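Colleague: Dropping the structure in here first, questions after.
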Ligand SMILES: [Zn+2]
């Protein structure tokens, strides 16, 4: 019997399309229990006033400790003493030199591991020559009713003051935690990969006391509005940082005879270095999606609208394609591999002198699992010139991944959804550095999340001009902190 092929093929395509449509229909956000948060006593006016005042205190850190104005840190400490009377009365304060703050709020159960709320006290300076670009001066803490302006408004005096307000309010409510609660405020987070690190000193102080922390909550992701026409509608993406990349500055040197530039050789030291740069840029690190990162893509895919979801529901088979695309887009590439940025170069000090020594500095941002040693091996492998000298100038290793199924991760997830039912909560990899990874020796559950709604445009002002926080997101931030401390400090 002869079978007519066309109807069979059409039937098969139809069945596959129907199966995919069903898959897409079922490919919905995973159900998590969402209960709106209890009503909180939240004094927004006080939070606003205190944030403005704290922005006025110029706690600027510097790689060179002698250049830091430590009186600003003293002023911040005095401000906390003066304005948070219950914290002063009920919490035990220790200063870990030079200006790191440790507050211990004793809980009822000494058999349980304590929780820790982190924040850094320092801010970055304002770049010389850009002071006049600010709509409101960077150290005035001006509150125009819509925004509070100034250095640290988003990174991260908003968070620091938010934690203090939350603890003071919980004390006013008569709340007593089960677990001990630590407030750990480092003094030089903004100084990257420094020998002297405030957070590490605090960690060592705790380690010497035999403290193991149940969890750490530090700065990191925010509640980002996500709206892409035809793809995703009225959602918020709450990224919880579960790991952070490493940071290394590595100098590569080429030596040569030098001499007068009127009689140059075929390639000067800089010419030789050019090949080194090419080798490095042409041999990028291998890109890969980490399993934890796939959770982020999947969570977003599940929230896409029709008809995009017909494709998005096949995300698992699309990863190889997504990886290829990601490698071509620098911000996406930085999420999937160790990046190589050649940032500085130096040759002869004079235009008419051939260099005897030429250097480049390469800034690497390493994926978790790639160590500084791996970076050096990579350079040795991909650079054909074996006479180069490699010198690690500074480095901070990448963190490990914190679990996404811990008690505390679930609390953060539930609170995000309690505040914003349209939130997509997912783990992500933090590109910059935070103090949090310094606590790895005494803590496994390290999360980076700032509970403030802010769009990408605003977040880009961090470390830049016109840093400001929308007043509208501050109440939710405070509610989050109060609830987080209450829930995370329970058994
Ligand atoms: Zn920060």
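Where a number appears in this text, it was derived from the coordinates with a stated rule and is not lab data. Here the structure is a predicted model, which means the values were calculated and not measured. Note that each Cβ is placed from the backbone with ideal geometry, even for glycine, and that neighbours are counted across all protein chains shown.
Colleague: Once you have a ≥ b ≥ c as the square roots of the Cα gyration tensor eigenvalues for the range 396-491, tell me rounded if a/c is under 1.5, and otherwise prolate or oblate according to whether a/b is larger than b/c.
Modeller: Cα axes put the range 396-491 in the oblate bin.
Colleague: Compute for the chain: radius of gyration divided by Kirkwood radius, i.e. Rg/Rh, restricted to C-alpha atoms, rounded to two decimals.
Modeller: 1.04
Colleague: Need the C-alpha centroid separation for the range 257-276 versus the range 405-434, integer Å.
Modeller: 53 Å
Colleague: Starting from 0.36 nm per residue, how many nanometres of slack lie between residue 140 and residue 212 once their C-alpha separation is accounted for?
Modeller: Working: separation 72, 0.36 × 72 = 25.92 nm, distance 3.92 nm.
Extra length available between residue 140 and residue 212 comes to 22.0 nm.
Colleague: Using the per-residue mean of other Cβ atoms lying within 10 Å as a proxy for protection, in what order, highest first, do the peptides 428-436, 446-454 fall? Each step should come with its number before you reach the end.
Modeller: Values: 428-436: 21.0, 446-454: 24.8.
Put in order of decreasing packing, that is 446-454, 428-436.
Colleague: Once the piece of chain linking residue 196 and residue 391 is laid out straight, how much longer is it, given 0.36 nm per residue of separation minus the C-alpha distance between them?
Modeller: 68.2 nm
Colleague: In what sequence do 476, 173 fall when counting other Cβ within 10 Å, fewest first?
Modeller: 173, 476
Colleague: Among 321, 354, 104, which comes first, second and so on when ranked by fewest other beta-carbon atoms within 10 Å?
Modeller: 321, 104, 354
Colleague: Another question about this same structure. Which value, to two decimals, describes the C-alpha radius of gyration of the range 292-412 once divided by 2.2 N^0.38 Å?
Modeller: Cα Rg divided by the expected 2.2 N^0.38 Å: 1.53.
Colleague: Still on this model: Would you please put 217-224, 455-462, 110-117 in order of how densely packed they are, using the mean number of other Cβ atoms within 10 angstrom per residue and starting with the highest?
Modeller: Answer by packing, highest mean first, reads 217-224, 110-117, 455-462.
Colleague: Ratio of alpha-carbon Rg to the 2.2 N^0.38 Å globular estimate for the range 338-397, to two decimals, please. Walk me through the numbers before you get to the answer.
Modeller: On the way: Rg = 13.6 Å, N = 60, 2.2 N^0.38 = 10.4 Å.
Cα-based Rg divided by the globular estimate yields 1.31.
Colleague: How many angstrom lie between the Cα centre of the range 65-85 and the Cα centre of the range 209-238?
Modeller: When both Cα centres are located, 30 Å separates them.
Colleague: Alpha carbon centre of the range 105-151 versus the range 353-396: separation in Å?
Modeller: Using only Cα atoms to place each centre, the spacing works out to 35 Å.
Colleague: Same structure again: Which whole-number percentage describes the relative contact order of the chain, with Cα contacts under 8 Å and a sequence gap of 6 or more?
Modeller: Reported as a whole number, the value is 25 percent.
Colleague: Please rank 350, 156, fewest neighbouring Cβ atoms within 10 Å first, as an exposure proxy.
Modeller: So the ranking, lowest neighbour count to highest, is 350, 156.
Colleague: A further question on this structure: Where the eigenvalues come from the Cα gyration tensor of the range 58-122, what are the semi-axes √(5λ) of the equivalent ellipsoid, largest first, in whole Å?
Modeller: Details: eigenvalues 140, 44, 14 Å².
Rounded to whole Å, the semi-axes are 26, 15, 8.
Colleague: Sort 468-474, 54-60 by packing, meaning the average of other beta carbons within 10 Å per residue, with the highest value first.
Modeller: 54-60, 468-474
Colleague: May I pose another question? Quote the convex hull volume per residue of the range 112-188, based on C-alpha atoms, as a whole number of Å³. Don't skip to the end; give the middle numbers.
Modeller: On the way: hull volume 7.7 nm³, N = 77.
Expressed per residue, the convex hull around the Cα atoms of the range 112-188 is 101 Å³.
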